[in-house]
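Everything on this sheet refers to the single structure shown next.
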Amino acid sequence: ADATLVDSSSSSSSFQQQDRGLLDTWRIQGSFQSIDHQWDTERQFVTASDSAVQLWTPERSAPIQTHSDLWGSADTVNIVRFHPVEHNLIANCSMDRGIGLHDLRTASAMKKTVLRMRSNDLQWNPMEPLNFVVANEDFQAYTFDMRKLHEPSHIFKGHTSAVMSVSWAPTGREFVTGSYDRTIRIFNLNDRKGNARDIYHTKRM
């Protein structure tokens, strides 16, 4: 599998004519499942690939860290996300239904919880970086406090099929979910019943 770095300042025409948009390509054995970049000025990015989480820099063609035995599980890591403030902390979701935190400074696993079904996406709250939300196969979205990973802080419901993606509003008070049930739903953290405040129906997933 390949990971590609592209210069976004290049126009599509210059990319096609002069190949200036493509800056570099990284290759691994297996397939990339997820990728995320540092939120600060460090030029680092992290990838999830089959059963490994790897830390990279654009200056090297090989990862500077590889973590292939996360909490003793060889299952594929399907989502990986840098913490927006603690730049050496990453969260990841794996195919064994796990959600975990990993410290890149010590190259060690910190905490892990296992849900009833697999999570398909994870996003940190941009205004409350101790919290994150996951989209789950069980038709629900869960918010977590990273200090209390043993149970979700709240459950948001209403979808009738797997929740595939989730994204926060800039205020950190609302998030949106997308599901196989062909709906997009907006949830507000103040609604303790966990119901969507708006539902949008689409023709396709």
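The values are calculated or read from the model by the stated rules, or taken from the named source; none is laboratory data. What you see is a predicted model, and the numbers here were worked out from it, not measured in a lab. Ideal geometry is used to build each Cβ from the backbone, glycine not excepted, and the neighbour counts take in all protein chains shown. Note: accessible area is taken over every heavy atom of the protein model, side chains too, but ligands, DNA and RNA are not part of it. Shrake-Rupley method; radii C 1.70, N 1.55, O 1.52, S 1.80 Å.
Please name all residue pairs, on different chains or six or more residues apart, with Cβ atoms under 7 Å, provided the first residue is in segment 163-188 and is on the phi > 0 side of the Ramachandran plot and the second residue is of a type in the set (Val, Ile, Thr) and open to solvent by 40 Å² or more (accessible area, probe 1.4 Å).
Pairs found: Arg182/Thr202.
Tell me the strands (runs of 3 or more DSSP E) entirely within segment 98-164 that contain at least 1 residues that are within 29 Å of Thr183 (Cβ to Cβ) and in contact with a Cys (Cβ under 7 Å, 6 or more places away or on another chain).
Details: elements: 98-103, 108-114, 119-124, 131-136, 141-145, 154-156.
Filter on segment 98-164 gives 98-103, 119-124, 131-136.
Out of everything in segment 184-197 that is touching a Lys or Arg at 6+ places or on another chain (Cβ under 7 Å) and either among the acidic types (Asp, Glu) or closer than 15 Å to Ser161 by Cβ (or both), what residue ends up being most open to solvent (accessible area, probe 1.4 Å)?
Of everything passing the filter in segment 184-197, Asp191 is most open to solvent (accessible area, probe 1.4 Å).
Determine, yes or no, whether Gln140 is buried (at least 16 other Cβ atoms within 10 Å of the Cβ), in contact (Cβ under 8 Å) with a residue 12 or more places away in the chain and more than 16 Å from the chain's Cα centre (by Cα). If you could, list the steps in order and put the result at the bottom.
Numbers: buried (at least 16 other Cβ atoms within 10 Å of the Cβ): yes; in contact (Cβ under 8 Å) with a residue 12 or more places away in the chain: yes; more than 16 Å from the chain's Cα centre (by Cα): yes.
Yes, satisfied.
Residue-wise test of (1) within 17 Å of the chain's Cα centre (by Cα); (2) modelled with pLDDT of 85 or more.
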{"position": "Asp19", "(1), (2)": "no, no"}
{"position": "Phe32", "(1), (2)": "yes, yes"}
{"position": "Thr41", "(1), (2)": "no, no"}
{"position": "Thr66", "(1), (2)": "no, yes"}
{"position": "Asp69", "(1), (2)": "no, no"}
{"position": "Ala91", "(1), (2)": "yes, yes"}
{"position": "Asp96", "(1), (2)": "yes, yes"}
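Which of the residues spanning segment 185-201 are of a type in the set (A, V, I, L, M, F, W, C) and under 16 Å from Asn136 (Cβ atoms)? Reasoning before the result, please.
Residues of segment 185-201 of a type in the set (A, V, I, L, M, F, W, C): 186-187, 189, 196, 199.
Phe187, Ala196 - these are the residues of segment 185-201 that are of a type in the set (A, V, I, L, M, F, W, C) and under 16 Å from Asn136 (Cβ atoms).
Residue check: is Ser119 of a type outside the set (Asp, Glu) and surrounded by fewer than 22 Cβ atoms within 10 Å (Cβ to Cβ)? Before the answer, list the steps.
Values: of a type outside the set (Asp, Glu): yes; surrounded by fewer than 22 Cβ atoms within 10 Å (Cβ to Cβ): no.
Here the answer is no, as Ser119 does not meet what is asked.
From the list Ala107, Ala74, which residue is modelled with pLDDT under 90 and open to solvent by 70 Å² or more (accessible area, probe 1.4 Å)?
Working: Ala107 fails: open to solvent by 70 Å² or more (accessible area, probe 1.4 Å).
Step by step, each of Ala107, Ala74 is checked, and only Ala74 is modelled with pLDDT under 90 and open to solvent by 70 Å² or more (accessible area, probe 1.4 Å).
Of Thr160, Thr113, which residue is touching a residue at least 12 places away in the same chain (Cβ under 8 Å), open to solvent by 70 Å² or more (accessible area, probe 1.4 Å) and polar (S, T, N, Q)?
Working: Thr113 fails: open to solvent by 70 Å² or more (accessible area, probe 1.4 Å).
Testing whether each residue is touching a residue at least 12 places away in the same chain (Cβ under 8 Å), open to solvent by 70 Å² or more (accessible area, probe 1.4 Å) and polar (S, T, N, Q) leaves just Thr160.
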